Amino acid sequence: MKSLELWTAIFMIVLGSSGGDVLLSSAMKRIGDLDQLRASRSVLAVIVRVFTEKRFLLALCCFSVGFFSLLTALSWGELSLVAPASASMTFVVSAIMAKIFLKEAVDHRRWIAAVLVCVGVALLK
Amino acid sequence: MCFGSIGDALLKRGMDSFGPVDLHHPWHVIAALGNPWVLLGICCLTAFFSSYLTALSWADLSYVLPATALGYVLVTLFGKYFLHENVSPLRWLGVLLISCGVGWVTRGPELTKPQPREPRLHPREEQHEIA
């Protein structure tokens with residue numbers, strides 16, 4: 001039972017993290033290149049612009065779900081299981097979500113990179 | 001990249017000292033925010049986040065995310081050469097796979113080109129087409 005709860009928490013970490021990444025990427029594309037914005041506006045104006053973007057705020061909500069799921073999972077299980085399982089799965093799930101929701105051109109090069117990094121991170125932890 | 005990995009380790013240190021979260025009182029996890037290790041971890045993750053935002057503003061998510069995995073490689077090298085930790089052959093294989101993945105993805109374009117939209121016909125031309 002404890003194992004099922006732990007994997008549910010890990011699944012929530014992956015979902016919160018990947019969902020947040022997709023929303024964040026979408027928000028940043030709407031805002032535009034931050035380096036160019038900083039060249040024409042003050043740092044405070046750039047921060048205000050970022051924090052008034054709805055998709056950015058939604059992304060923060062998703063990351064909060066992922067963060068508290070991470071804290072919960074870390075209190076139940078070992079870091080050596082929680083960190084590689086959640087981190088490695090996030091790379092593949094994010095690539096899938098980027099292709100579906102952001103219509104990114106995820107070609108064979110990016111799929112191979114996502115899988116290599118996924119396996120590499122799982123071995124590393 | 002380094003800030004992300006260090007932040008995760010600090011969070012684990014903080015949650016170890018905080019103790020297990022009770023399922024019947026899940027909101028108690030918010031109290032963990034008062035733990036200094038958790039706070040330090042959050043500071044590191046904030047630094048990681050601002051760099052990540054800048055990268056996402058000019059590159060695709062499926063390009064940026066695998067590239068950030070280079071942080072794991074840096075932390076392993078840091079552990080090996082500065083902290084003199086023992087790194088197993090399996091972990092070196094992980095380092096090799098991540099390096100290959102990052103090298104592979106960074107050779108491609110960083111941003112998806114916007115699809116050209118179909119030119120819309122003028123209303124009069126549309127009527128002619130229907131007729």
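The values are calculated or read from the model by the stated rules, or taken from the named source; none is laboratory data. Predicted model, so just to flag it, every value in this text is computed and none were measured. Heads up, the Cβs are rebuilt from the backbone with ideal geometry, glycines too, and the neighbour counts pull from every protein chain shown.
Select from region B:45-68 the residues that are closer than 20 Å to B:Gly7 by Cβ and more than 7 Å from chain A (Cβ to nearest Cβ) and list them in ascending order.
Residues satisfying the conditions are B:Leu45, B:Thr46, B:Ala47, B:Phe48, B:Phe49, B:Ser50, B:Ser51, B:Tyr52, B:Ala55, B:Val64, B:Ala67, B:Thr68.
Identify, please: which residue in region A:51-75 is more than 9 Å from every other protein chain (Cβ to nearest Cβ) and under 17 Å from B:Gly7 (Cα atoms) and is, among those, nearest to the chain's Cα centre (by Cα)?
Checking each candidate, the answer is A:Gly66.
Would you point out the residue of region A:89-125, among those that are small (Gly, Ala, Ser) and under 15 Å from B:Ser99 (Cα atoms), that is surrounded by the fewest Cβ atoms within 10 Å (Cβ to Cβ)?
Checked region A:89-125; the qualifying residue surrounded by the fewest Cβ atoms within 10 Å (Cβ to Cβ) is A:Ala122.
Only one of (1) surrounded by fewer than 21 Cβ atoms within 10 Å (Cβ to Cβ); (2) under 13 Å from the mean Cα position of the chain (by Cα) is not met by A:Val22, so which one is it?
Unmet condition: (1).
Of these, B:Ser62, B:Ser99, B:Ser5, which one is modelled with pLDDT of 85 or more, among the polar types (S, T, N, Q) and within 13 Å of the chain's Cα centre (by Cα)?
B:Ser62
If I filter region B:81-94 down to residues being touching a helix residue (DSSP H, G or I) at 6+ places or on another chain (Cβ under 9 Å) and either polar (S, T, N, Q) or in a helix (DSSP H, G or I) (or both), which single residue comes out as modelled with the lowest pLDDT?
Across region B:81-94, the extreme among qualifying residues is B:Asn86.
For region A:76-104, how many residues meet the condition of being facing chain B (nearest Cβ under 9 Å), at pLDDT 90 or above and farther than 13 Å from A:Val14 by Cβ?
Of the residues in that region, 5 qualify.
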